[in-house]
1. Residue-wise, which Karplus ³J(HN,Hα) couplings in Hz belong to the range 256-271, taking 6.51 cos²θ - 1.76 cosθ + 1.60, θ = phi - 60°, and x for glycine or proline?
2. Quick one: which residues, 5+ away or cross-chain, put their amide H under 5 Å from the amide H of Arg151? H built at 1.01 Å from N.
3. With θ taken as phi - 60° and the coefficients 6.51, -1.76 and 1.60, list the Karplus ³J(HN,Hα) couplings across the range 95-103 in order, rounded to whole Hz; mark glycine and proline as x.
4. Relative contact order for the range 12-243 using alpha-carbon pairs under 8 Å, separation at least 6, rounded to a whole percent?
5. I need the phi-derived Karplus couplings for the range 135-145: 6.51 cos²θ - 1.76 cosθ + 1.60, θ = phi - 60°, integer Hz, Gly and Pro marked x.
6. Arrange the peptides 122-132, 262-272 so that the one whose residues have, on average, the most other Cβ atoms within 10 Å appears first.
7. Averaging sequence separations of C-alpha pairs under 8 Å and six or more residues apart, then dividing by the length of the range 122-238, give the relative contact order as a whole percent.
8. Which distance in Å, rounded to a whole number, links the C-alpha centroids of the range 150-181 and the range 280-324?
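Each reported figure results from applying straightforward, stated rules to the coordinates on display, with no laboratory input. A quick note: this is a predicted structure, and the numbers were derived from the prediction, not measured. Heads up, the Cβs are rebuilt from the backbone with ideal geometry, glycines too, and the neighbour counts pull from every protein chain shown.
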Amino acid sequence: MKQPLLFLAAIALCMSATAQYELTYFNEAYAQFGDGTIIEGDDFDDGIWDDPEFQVDLGFDYMLGEEAYSSMFQIGLGAEFVLFNSNTNAGFGYGSDLIDGEALDGGDPSIIRYKTEGDVGNRIFKIQYENAAFYNEVFSFDGGDGSADQRINFQIWLYESDGAMEFRFGSNSITTPQVLHDGSLGPFILFVTGINIIDDSFEYGRYLSGDPAAPDFTVLDENTQPNVISGDPADGQVYRIAPSTSSVDEMPESTALLYPTITRDFIRVDFDLAQTNYHVFDITGKVVAEGQISPNQQLDVQDLNSGVYMIQLDGINRTFKFVKE
């Protein structure tokens with residue numbers, strides 16, 4: 001049995017002031033789309049995905065609280081995503097372990113595709129998991145029978161207009177949920193903002209629990225266990241997470257700036273401390289460089305592979321993203 005990369009970490013609750021969110025739920029006919037971009041990658045084995053790692057551009061700046069995000073990264077099991085920018089990180093997703101149905105010889109394929117649609121100011125980013133199979137069943141874990149018969153369809157929508165997020169579920173053929181969900185009756189659906197990747201703390205975290213038709217929006221803390229909805233969402237079930245009409249006043253942030261954000265050789269970070277420790281992470285969360293840094297000191301990143309990285313400054317609790325060409 002594999003464990004989720006993001007959602008099962010030992011996380012300590014950080015009681016910082018941050019924007020608040022609320023959950024609403026309703027039913028709406030599921031509309032599967034056949035256009036958009038299909039996720040593919042050189043690291044897929046013969047085009048078959050399992051725990052795929054990929055980045056997708058949203059097509060607009062998506063706001064969570066006061067933070068803007070232009071892209072998101074799939075880095076865990078199921079459909080587990082992280083948003084990165086220069087100030088803070090956020091995570092959300094469906095945590096049960098999914099796999100391409102073609103991983104089983106003769107199995108029907110599972111397709112991940114995405115698109116952005118709508119007019120400027122009212123655009124919606126949509127990512128769709130179509131006919132997704134489950135790792136435990138395909139590879140006979142926890143009572144799985146080595147088939148790919150049980151499938152699920154769902155989408156995640158991000159709204160430009162108000163910063164809302166929706167989980168939209170279509171049909172499924174699930175008959176043995178406890179096998180698929182590592183002993184639980186349903187999937188783990190999570191929403192977290194203000195993540196500090198140094199100490200695994202965060203500012204705001206909630207997960208869905210209880211009746212899948214009318215779930216609770218439960219506070220996430222270090223005692224949280226996965227897979228806490230008591231059943232699989234029915235066809236047409238929608239969970240909407242949106243900014244609350246009331247929120248806690250935000251605390252002032254330290255002044256800091258990273259430049260350039262796209263580089264081949266060096267980066268500089270300007271901040272208002274004499275010195276602080278820094279850590280550079282790749283998109284999987286692995287530390288690839290660390291040390292001490294002074295304001296406006298030049299950091300050599302020539303030896304890093306091309307890709308997206310984050311640099312965390314401990315003293316001011318800030319994270320910056322940069323791209324190494």
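1. For the range 256-271, the Karplus-derived couplings read 7, 8, 10, 7, x, 8, 10, 8, 10, 9, 9, 10, 10, 10, 9, 8 Hz, x marking Gly and Pro.
2. Close amide H contacts, sequence-distant or interchain: Ser173, Ile174.
3. x, 6, 6, 9, 8, 5, x, 6, 4
4. On the way: 590 pairs, mean separation 53.9, N = 232.
Normalised by residue count, the contact order of the range 12-243 is 23 percent.
5. Coupling constants for the range 135-145: 4, 4, 6, 4, 9, 6, 8, 6, x, x, 9 Hz.
6. Working: 122-132: 20.2, 262-272: 15.3.
Ranking, from highest mean packing down: 122-132, 262-272.
7. Details: 245 pairs, mean separation 25.5, N = 117.
22 percent.
8. A separation of 34 Å, based on Cα centres.
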